[in-house]
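Notes follow once the structure below has been shown.
The values are calculated or read from the model by the stated rules, or taken from the named source; none is laboratory data. Since this is a predicted model, take the numbers as computed values, not measurements. Backbone-built Cβ (ideal geometry, glycine too); neighbour counts: all protein chains shown. Protein only, heavy atoms only, side chains kept; ligands, DNA and RNA dropped before computing areas. Shrake-Rupley method; radii C 1.70, N 1.55, O 1.52, S 1.80 Å.
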Amino acid sequence: MQPISHVAGKAIPFGRKNVDTDVIIPAHWLKTITREGLGKGAFEAVKKEPGNVFTDETWAGAPILVAGDNFGCGSSREHAAWALLDMGVTCVIAPSFSDIFSGNAFKNGILTVALPQEAIDRLMDVAREHPIDVDLDTQTVTTPFQDRFTFEIDAFRKHCLLNGLDEVGLTMAQGDAIGSYEAKAKDALPFLAQATVAA
Amino acid sequence: MTTAPRTLYQKIWDAHVVDTRDDGTCLIYIDRHIVHEVTSPQAFESLRAAGRPVRRPDLTLAVPDHNLPTTARRDSAGNRIPIADPQSAQQLEALERNAPAFGIRYIGDADPEQGIVHVIGPEQGFSLPGATIVCGDSHTACNGGLGALAFGIGTSEVEHVLATQTLLLKQSKTFEVRVEGTLGAGVTPKDVILHVIGVIGTAGGTGYVIEYTGNVFREMSVEGRLTVSNMSIEAGARAGLVAPDETTFEYVKGRPYAPKGEDWDKAVAWWKSLATDEGATYDKSVFIRAEDIQPTVTWGTSPEDTSGIGGVVPAPEDFADASKRDAVKHSLEYMGLTPGTRLTDVEVQNIFIGSCTNSRIEDIRAAAEVLKGRRKAGNVKWAIVVPGSGLVKAQAEAEGLDKIIMDAGLEWREPGCSACLAMNPDKVPAGERCASTSNRNFTGRQGPGSRTHLMSPAMAAAAAVTGKLTDVRDLAPVI
Ligand code: SF4
């Protein structure tokens, strides 16, 4: 996973509330075999709306998405996080997120920043024409106009994101503990410790 | 050292703790991992990108099942008959590539052992009592019928298990579902679990692991216990358990992956020690009388919408809870049912006998017993029997059951998930009903607009014969 400490650049001023994962990536994109390419299916229905922010060249490749309350609700599909990443989004700012979505985002190295609605309103304004700057280290979101919003983040998640540590990598770092469990199990539960077809 | 009395669940959990974190989360060792074509491609992709190997390919088994058509897979020259849906074909090819590339044993789409993940695990002796078992499909709970702690996982957890053979988990609470008494004639394990879900509701088990206790489960075959534990998910629980006993040992013994010789003796001794201790407490318990259970069917779009076959379609007003009333209203609209209609007056156009809930040899036998000497009703357009594995298929054919089934006018198919979920060509047309032995009656589960009635294999076979939901006990004897 890519370490993430600072995300700066254009921010897509989406702002919509209760965006469920079916809106982020519709179900018919789930029969894929790779995480890549899902960006094409991202916000498929929204992209058909006239004047939408996703087909507007202004925000093509923007690393930040600004959204409304309860972002990522609905089905638990991890494809939602993959689709955002594939679009180039590595940070989503919203008043709140569904638990499952923020977990999936975190697992995939996407920073979710929760800020009060007033801050979101201000960022929506700024984002129309100016860049936004998100700094994980200091937990702040700033604009070129001296706006400064601070956000909370779980210390463990912050540490993982800053260092590009994913859950798999973290558990792999406990390889010794797993190895000693396996050694113990080989004696105590030999019938579980192996799965072979006897000749 | 004396330990406090523990439940079966706690004993299996304790035996698998690798590490405990400050917040109580545990790193749990996984003994067996089964991988299929739908939830694994991105997990392998990540491993590849990070240059990570599979930690224990020897504890992992891969098999395709969800997407495969259940029609012939090879032509007479032995060449693969292409899968029409390009994405399904791609997922199958990905698994065929990934399994050998990561050193994982692979059962191919036309191998004699191929079948539904949760059917072949126990059948091969790969799933064992007391083991922790995971697979990227929520009905992994099925394996709990052996007394294994088994549950479904998502794609990133599949990756986690492939790379580390562990999962980060918090302990669940325990829920005892005790069923005692004598089951009536025609009442099968499927009826027992449908009735249980009707009683406790689909949220009844949320946050819990269910242990099924009482003489009814003790006297049940392993096949039946697998059917029951399979639907623990529909009761809201992540996993179900039936304590391993002599019936279980008898079932496991001699299977390809089952322990042999000295290991076998050790295994049996440990398995015997797993039963819940006298004096151990469950966080919650429910008691159900076996005599209260009738052959059961569902009428709605939630697995808790159950009724004995003698009942009628309920009205929304029959329910006290306002949100349930609303749900029932929608569900009846979707199902095209009028309150007060006798269930036995509801016509069905499709029959599906299969899925990891009911596709083992006992299920095929039960269906064949009803179908023997009878014919499918004229209004039934599509009726398929899909064995859970190639070995079930071969066994059924050796017993002549395929013949009985085809003589009755039903189709006999190749093993796979089939019409359990609308991911392969086997689908129920919009607006039509299906008497189905699968596990979910959700909106659109068997195809967009499909109307599912869940029931046992014998009841589905009876519906095939009469063209309506039918009490199997009322069928006139064949002369
Ligand atoms: S039969 Fe249905 S529930 Fe069972 S593994 Fe296949 S899709 Fe999942």
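Annotations
- Residue check, B:Asp19 over 20 Å from B:Cys135 (Cβ atoms), modelled with pLDDT of 95 or more, out of contact with any Pro (no Cβ under 8 Å at 6 or more places or on another chain) and open to solvent by less than 60 Å² (accessible area, probe 1.4 Å): yes
- Applying the criterion of being in a loop (DSSP other than H, G, I, E, B) and either within 13 Å of another protein chain (Cβ to nearest Cβ) or among the charged types (D, E, K, R) (or both) to the residues of the stretch B:112-129, the residue that is most open to solvent (accessible area, probe 1.4 Å) is B:Glu113.
- Within the stretch B:46-65, the residues that satisfy the criterion of being modelled with pLDDT of 95 or more, open to solvent by 10 Å² or more (accessible area, probe 1.4 Å) and within 11 Å of chain A (Cβ to nearest Cβ) are B:Arg48, B:Arg52, B:Pro53, B:Arg55, B:Arg56, B:Pro57, B:Asp58.
- Test: B:Ala235 is touching a residue at least 12 places away in the same chain (Cβ under 8 Å), open to solvent by less than 20 Å² (accessible area, probe 1.4 Å) and farther than 24 Å from B:His33 by Cβ: yes
- Scanning the stretch B:77-95 for residues that are under 25 Å from A:Ala27 (Cβ atoms) and part of a loop (DSSP other than H, G, I, E, B) yields B:Pro82, B:Ile83, B:Ala84, B:Asp85.
- Candidate set from the stretch B:130-156 (those that are within 9 Å of another protein chain (Cβ to nearest Cβ) and not hydrophobic (A, V, I, L, M, F, W, C)); member that is farthest from the ligand (Cβ to nearest atom): B:Gly130
- Selection of the stretch A:6-32 for residues being in contact with a His (Cβ under 9 Å, 6 or more places away or on another chain) and of a type in the set (Phe, Trp, Tyr) yields only A:Trp29.
- Annotation note: of B:Val199, B:Val216, B:Val192, B:Val158, the sole residue that is β-branched (Val, Ile, Thr), within 30 Å of A:Tyr181 (Cα to Cα) and assigned to a helix (DSSP H, G or I) is B:Val158.
- Test: residue in the stretch B:96-103 that is in a loop (DSSP other than H, G, I, E, B) and either touching a Lys or Arg at 6+ places or on another chain (Cβ under 7 Å) or under 28 Å from B:Val222 (Cβ atoms) (or both): no
- Qualifying residue in the stretch A:112-133 (condition: within 29 Å of B:Arg52 (Cβ to Cβ), of a type outside the set (Gly, Ala, Ser), in a loop (DSSP other than H, G, I, E, B) and open to solvent by less than 30 Å² (accessible area, probe 1.4 Å)): no
- Boolean, B:Pro100 is in contact with a strand residue (DSSP E or B) (Cβ under 7 Å, 6 or more places away or on another chain) and free of Cβ contacts under 8 Å to residues at least 24 places away in the same chain: yes
- Residue within the stretch A:57-80 that is within 14 Å of another protein chain (Cβ to nearest Cβ) and among the hydrophobic types (A, V, I, L, M, F, W, C) present: yes
- Of all the residues in the stretch B:164-197, those that are on the phi < 0 side of the Ramachandran plot, out of contact with any strand residue (DSSP E or B) (no Cβ under 9 Å at 6 or more places or on another chain) and surrounded by fewer than 22 Cβ atoms within 10 Å (Cβ to Cβ) number 4.
Every residue, every condition in (1) out of contact with any strand residue (DSSP E or B) (no Cβ under 6 Å at 6 or more places or on another chain); (2) open to solvent by less than 10 Å² (accessible area, probe 1.4 Å); (3) among the basic types (Lys, Arg), yes or no:
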{"position": "B:Gly205", "(1), (2), (3)": "no, yes, no"}
{"position": "B:Met220", "(1), (2), (3)": "yes, no, no"}
{"position": "B:Thr227", "(1), (2), (3)": "yes, yes, no"}
{"position": "B:Val242", "(1), (2), (3)": "no, yes, no"}
{"position": "B:Pro259", "(1), (2), (3)": "yes, no, no"}
{"position": "B:Thr276", "(1), (2), (3)": "yes, no, no"}
{"position": "B:Arg289", "(1), (2), (3)": "yes, no, yes"}
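- Residue that is nearest to the ligand (Cβ to nearest atom), among those in the stretch B:350-394 that are farther than 20 Å from B:Lys190 by Cβ and without any contact (Cβ under 8 Å) to a residue 60 or more places away in the chain: B:Lys393
So that you can scan it fast, the table gives a plain yes or no per residue for (1) acidic (Asp, Glu); (2) on the phi < 0 side of the Ramachandran plot; (3) out of contact with any strand residue (DSSP E or B) (no Cβ under 6 Å at 6 or more places or on another chain):
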| position | (1), (2), (3) |
| --- | --- |
| A:Lys31 | no, yes, yes |
| A:Gly41 | no, yes, yes |
| A:Gly72 | no, no, no |
| A:Phe97 | no, yes, no |
| A:Ile100 | no, yes, yes |
| A:Ala105 | no, yes, no |
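- From the list B:Ile12, B:Ile34, B:Ile83, B:Ile30, the one residue that fits, being free of Cβ contacts under 8 Å to residues at least 24 places away in the same chain and hydrophobic (A, V, I, L, M, F, W, C), is B:Ile83.
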